[in-house]
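Below: the structure, in structure tokens.
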Amino acid sequence: MEIDRWRKKIDEIDSKILHLINKRAEYSTAIGDIKFERNLPIYSPEREAEILGRVTAENPGPLQADAVRRIFERVIDESRKLEKDEAERMRRK
């Protein structure tokens, strides 16, 4: 059935997205280590604005810019939490 073929393609994409999000999480944890070592703030509004501007500008569609922005705001929130958690873990050592 045609719908099953499209669903299979979506499932494959979901697996790739999951892999990439977890890779991003690994990098965020590493950044948390560096920020702790250098006593840098976790929250960087300039960097977050830069990311949102870039992904919105690079968006080829069909997602609307607002949808891309909402998705990446959530990704950034989780990355910030990982950085914070890692800095806290390092602080307790």
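What follows draws every value from the coordinates through simple rules; no lab data is involved. Not measured: the values here are computed from a predicted model. Heads up, the Cβs are rebuilt from the backbone with ideal geometry, glycines too, and the neighbour counts pull from every protein chain shown.
Before moving on, here are some points about what is shown:
- Scalar couplings 3J(HN,Hα) for region 59-68, obtained by applying the Karplus form with A = 6.51, B = -1.76, C = 1.60 to θ = phi - 60°, are 5, x, x, x, 5, 6, 4, 4, 5, 4 Hz; x denotes Gly and Pro.
- Taking 18 Å as the straight-line reach from the Cα of Lys23, the lysines in range (excluding those fewer than 8 positions away in the same chain) are Lys81, Lys84.
- Annotation: extensible slack from Arg89 through Met1 equals 26.7 nm (criterion: 0.36 nm per residue apart, minus Cα-Cα distance).
- Contact order relative to length of region 2-92, as percent, for alpha carbon pairs under 8 angstrom and 6 or more apart: 43
- For peptides 73-85, 1-13, 31-43, sequence by mean Cβ density within 10 Å, most packed first: 73-85, 31-43, 1-13
- Here the sum of -39500 (n - 2.57) over DSSP H runs of 4 or more residues, divided by the residues of the chain, equals -30000 deg cm²/dmol at 222 nm, to the nearest 500.
- Cα-only radius of gyration and Dmax that characterise the chain, units Å: 16.6, 56
- Computed from label points 7 Å out along Cα-Cβ, the spacing between Ala25 and Arg74 is 1.4 nm.
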